[in-house]
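What follows is calculated from the coordinates using simple rules that are stated; it is not laboratory data. This structure is a prediction, so every number in the text was calculated from the model and none was measured. When we count neighbours, we look across all protein chains shown, and the Cβ atoms used for this are built from the backbone with ideal geometry, even at glycine.
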Amino acid sequence: MFKKIKEYYQKFKEMRADSKLKPIISLVLWFIFIFIAILFVKGFSLDNNANLENDRNNFTSYKFTYTNNNLKIFGESYDGKLEFFFEGNRYYYDEQNVYLVNNQSLEVIDNFDLNVLKITPDLIDSLISNLNYSIYNNALEYIVPLSRFLNLYEYDVEADLSLANNYNIMVYVYKKENDIYMYKLDLSNYYQFRGLNNMGILTIDIYDVEKGDFPKYYDSLIGGVK
């Protein structure tokens, strides 16, 4: 086998030494290099897309804690419905209204600011969809265009976001044994873009991922809303 390889190599050297064949040999080698490079890039892209799919959360029910420099909210989510505690009060959100829970009754709270709770694992999945990531401090780091965040977070797809194209937000996904247990979002550029006073670091802890039945309890109270 090695003798054959040596013979081929010697033949190749002779062809390279031929002034007429040398340009053709160089061109063939260049095409081989391009072909290998394309295969490598495609393989990397497929692996990265597979990793992105693995990064998606596969849960509909979980407990959570949201913290930043201004607030702390903790509670439970189930199929888009929320039970949460904020500033000593207990609330329920049924995807339409926010209710204050008081003595096993519910009172509608108008104009309750749910903005931070809109940053759900599903929304984060959409933010990082088809984006590459790097590893930063044991987290998967995604650079997300601010315009994408504005579209998903503020739901204003017709807004002029040309200026936002100059900014990004950072999303960090933390995993343990392939399970996501925490997100961190650096929203500093968002708050600066909107002229809001906030340091911009939002941490979302995810735990106790299992199916709960709390919506049934709260839904049964809605008929007695004040």
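Based on alpha-carbon positions alone, could you give the equivalent ellipsoid semi-axes of the stretch 61-214 from the gyration tensor, as √(5λ), descending, whole Å?
Values: eigenvalues 147, 80, 38 Å².
The equivalent ellipsoid of the stretch 61-214 has semi-axes of 27, 20, 14 Å.
Quote to one decimal, in nm, the extra length available between TYR191 and ASP110 on full extension: 0.36 nm per residue of separation minus the C-alpha distance between them.
Details: separation 81, 0.36 × 81 = 29.16 nm, distance 2.45 nm.
Between TYR191 and ASP110, full extension yields 26.7 nm more.
What percentage of all Cα-Cα pairs in the stretch 71-155 are separated by more than 20 Å?
Numbers: 1669 of 3570 pairs.
So the portion of pairs separated by more than 20 Å is 47 percent.
Let's test this: bin the Cα-Cα distances of the stretch 111-197 at 10 Å from zero up to the farthest pair and state each bin's percent.
Whole-percent P(r) values from 0 Å outward: 15, 49, 29, 6, 0.
Once you have the Cα-Cα distance between ARG90 and ILE143, take 0.36 nm times their residue separation minus that, and quote the gain in nm to one decimal.
Details: separation 53, 0.36 × 53 = 19.08 nm, distance 3.48 nm.
Difference between extended and current length: 15.6 nm.
Work out the count of Lys pairs in the stretch 61-214 where the Cα-Cα distance is under 18 Å, with the pair 8 or more places apart or on different chains.
Counting lysine pairs in the stretch 61-214 gives 14.
Distance in nm between label sites at GLU154 and LEU71, each 7 Å beyond Cα in the beta-carbon direction?
1.8
Taking amide H positions as placed in the peptide plane 1.01 Å from N, state which residues far from ARG90 in sequence (5 or more) or on other chains have amide H under 5 Å from it.
Counting only residues 5 or more places away or on other chains, the set is VAL101.
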